[in-house]
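Inspection log for the structure reproduced underneath, given as structure tokens.
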Amino acid sequence: MLIRLAIVILIIAVVLVFDAPNYKKSNKRGRAVYGISITAAIYLGLDYAAGKDWPDLHNVADFIFSAPAKMITTYFESKS
């Protein structure tokens, strides 16, 4: 776990160092998008480093779309 955490920290640090000049030149919208993507990268990196089963994008999509998908499936199965 410690090696994975070190790799994640190293990668995020390298990305932040090389993107710093572009970040300073960007507008508010660009900074917001960059902040959201870095936050997502840090979260997913920590999820990888910890080896835990934290919620990912797949879990969010499954939570949102599973009930409507089951309703549509049962609707079409009951018609035939």
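For a Förster distance of 25 Å, can you work out the FRET efficiency between the beta-carbons of residue 10 and residue 32, rounded to the nearest 0.05? Calculated value: 0.45. If you roll a 1.4 angstrom probe over the protein chains with everything in place, what fraction of the accessible area of the chain belongs to carbon and sulfur, to the nearest %? C and S atoms contribute 72 percent here.
Rolling a 1.4 Å probe over the heavy atoms of the protein chains gives the chain an accessible area of 86 Å² per residue.
Going through (i) 18, 15, 11; (ii) 38, 20, 7; (iii) 42, 11, 5, the figure that equals semi-axes √(5λ) of the Cα gyration tensor in Å as computed for the structure here is (ii).
Mind ranking 26, 37 by accessible surface for me, highest first, 1.4 Å probe?
Working: 26 35, 37 60 Å².
Ranked list, largest accessible area first: 37, 26.
Electrostatic tally near residue 46: other residues with Cβ closer than 11 Å to its Cβ, Lys and Arg +1, Asp and Glu -1, net +1.
Which trypsin sites (Lys or Arg not before Pro) in the chain sit in a loop by DSSP (not H, G, I, E or B) and have at most 15 other Cβ atoms within 10 Å of their own Cβ?
Values: sites: 4, 24, 25, 28, 29, 31, 52, 70, 79; in loops: 52.
Passing sites in the chain are 52.
Between the listed residues 8, 39, 68, the Cα displaced farthest toward the positive end of the dipole of the chain, a dipole computed from Cβ unit charges relative to the Cα centre, is found at 39. If the label point is 7 Å along Cα→Cβ of residue 3, which residues in region 43-61 have backbone nitrogen under 15 Å from it? Label zone hits: 49-51.
The values are calculated or read from the model by the stated rules, or taken from the named source; none is laboratory data. Here the structure is a predicted model, which means the values were calculated and not measured. Because the Cβ atoms are built from the backbone with ideal geometry, glycine has one as well, and the counts that use them run over all protein chains shown. Quick note on the areas: whole protein, heavy atoms, side chains included, nothing else; ligands and nucleic acids left out. Shrake-Rupley method; radii C 1.70, N 1.55, O 1.52, S 1.80 Å.
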